[in-house]
Amino acid sequence: MTIELNSPLDMHLHLRDKEMLSVVAPLTSHSFAGALIMPNLIPPVDTKEALLAYRDRILDATQGDIFKPYMTLFFRDSYDYDFLKNFGNELTAIKLYPAGITTNSESGVSGFDIKKLAPTLEAMSELGLPLCIHGETNGFVMDREAEFVPIYTKLATAFPKLKIMMEHITTKESVDALDKHENLYATITLHHLLITLDDVAGGMLRPHLFCKPIAKRPIDREALLNVALNAHPKVMFGSDSAPHPKHAKESCGCAAGVFTAPLALAKLTEIFMERSSVANLQKFVSDNAREIYGITPPVKKVVLEDTPMNVPLNYGEVVPMYAGESISWSIKTIEK
Ligand code: NCD
Ligand code: ZN
Ligand code: ZN
């Protein structure tokens, strides 16, 4: 049996830089037609010069694959209309991190004073530039995302023309917020459709499943599965594939991030097949994102078949999710 996907998109991806970029970029560009590239480098991507140079390094690393990197800028409240307008179509969205909440977010926003953020958010609204948010407070780790929902509500109400993407949602509360505000959308990762906190820390600690936001309860995972499998028109696939070298994960201060890029399409197909929802996969991995972001990705046809994929133990220094295990679907052919 085979399944065909047209121009799959990953709307939340970390590609890093230098050697890591050269290892991980081809693992996405091989099978995806495009991806929304996160700006949390050191230093963060916050100028046009840095953004264009990073785009070029990504294109170099993708080894001639048909692949469109949709670039993002690290949110600063100093950005104004003219600064943002000057990016033209090189800029797809702006990513806002609360300060210190996740990997390389130290210079993010602290305090969430909407008045202070307003000039930049108004400029973004006028330019039709979406705002992507890592939505967590500094509260108790299991409650951080739910506590952020009122901030999403405030922003969505104060800036009704601004498209707000709730990134990598992990809770029922975020799912419920989707239908309350017209301008709220969400990305959902592969790993949050699969794991709960039990898989991370319920038995032996599994550092390769540790990420921000931390995986939550079964009831949350069910809520995520429900909107993903039904391809709710306001949700998109965003892997949040976040590679860290093995020594940074298997260490006494484990870096947050799950690396899923090379197996994402195979595992998504397995999940959607098992739950009799494969007819909705095209929407979840491409069509919804095209509609929400108003993008037209390059043409790329990916055919998957029900032949197992054996996941390698590592890709360079990075250990993928399901390392050494097998997935019941694999990529058969890729046509341009
Ligand atoms: C991401 C990373 O490593 O850059 N880590 C993660 O746990 N998700 C950052 C992020 O997306 O929050
Ligand atoms: Zn994040
Ligand atoms: Zn991320």
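If we count other beta carbons within 10 Å of each Cβ, what is the order of Ile94, Ile3, fewest first? Working shown, then result.
Details: Ile94 24, Ile3 19.
So the ranking, lowest neighbour count to highest, is Ile3, Ile94.
By count of other Cβ within 10 Å, fewest leading, how are Leu36, Leu224 ordered? Could the numbers behind the result be given before it?
Numbers: Leu36 26, Leu224 23.
Least crowded to most crowded, the residues run Leu224, Leu36.
If each DSSP helix of 4+ residues adds -39,500 (n - 2.57) and the sum is divided by the residues in the chain, what number results at 222 nm, nearest 500 deg cm²/dmol? Intermediate results must be reported in sequence, preceding the final value.
On the way: 12 runs with 109 residues, N = 336.
Calculated mean residue ellipticity at 222 nm is -9000 deg cm²/dmol.
Enumerate the amide H contacts of Gly135 below 5 Å, restricted to partners 5 or more residues apart or on another chain; note that Pro and chain-start residues carry no placed amide H.
Distant-sequence amide H within range of Gly135: Glu167.
May I ask you to derive the relative contact order of the chain, considering only C-alpha pairs under 8 Å and at least 6 residues apart, and to give it as an integer percent?
Working: 702 pairs, mean separation 64.5, N = 336.
Once normalised by length, the contact order is 19 percent.
Could you give the Stokes-Einstein D for the chain in µm² per second, using the C-alpha Kirkwood radius, 37 °C, 0.692 mPa s?
Values: Rh = 19.9 Å.
Roughly 165 µm²/s, to the nearest whole number.
If neighbour count is taken as other Cβ atoms inside 10 Å, put Met11, Met124, Met204 in order from fewest to most.
Working: Met11 30, Met124 24, Met204 5.
Listed from fewest to most nearby Cβ atoms, that is Met204, Met124, Met11.
Which three lengths, in whole Å and largest first, does region 120-273 cover when its Cα atoms are put on their principal axes?
Rounded to whole Å, the extents work out to 47, 36, 27 Å.
Taking the Cα centre as origin and putting +1 on Lys and Arg beta-carbons and -1 on Asp and Glu beta-carbons, what dipole magnitude results for the chain, to the nearest 20 debye?
Details: 33 positive and 41 negative charges, 36 e Å.
Roughly 180 debye, rounded to the nearest 20.
List the GluC sites (Glu not before Pro) within region 233-336 that DSSP assigns to loop and that have no more than 15 neighbouring Cβ atoms inside 10 Å. Kindly include the intermediate steps, with their values, before the conclusion.
Details: sites: Glu250, Glu270, Glu274, Glu291, Glu305, Glu317, Glu325, Glu335; in loops: Glu250, Glu317, Glu325.
Sparse-neighbourhood loop GluC sites (Glu not before Pro): Glu250, Glu317, Glu325.
Which percent, to the nearest 5, of DSSP beta bridges fully inside the chain are antiparallel? Display every interim value, and only then the final one.
Details: 13 of 38 bridges.
Roughly 35 percent of the beta bridges in the chain run antiparallel, per DSSP.
Any read-out appearing in this document is the output of simple, stated calculations on the displayed coordinates, not a laboratory observation. In this text the structure is predicted, and so the values were computed from the model without any measurement. Note: ideal-geometry Cβ built from the backbone for every residue, glycine included; neighbour counts use all protein chains shown.
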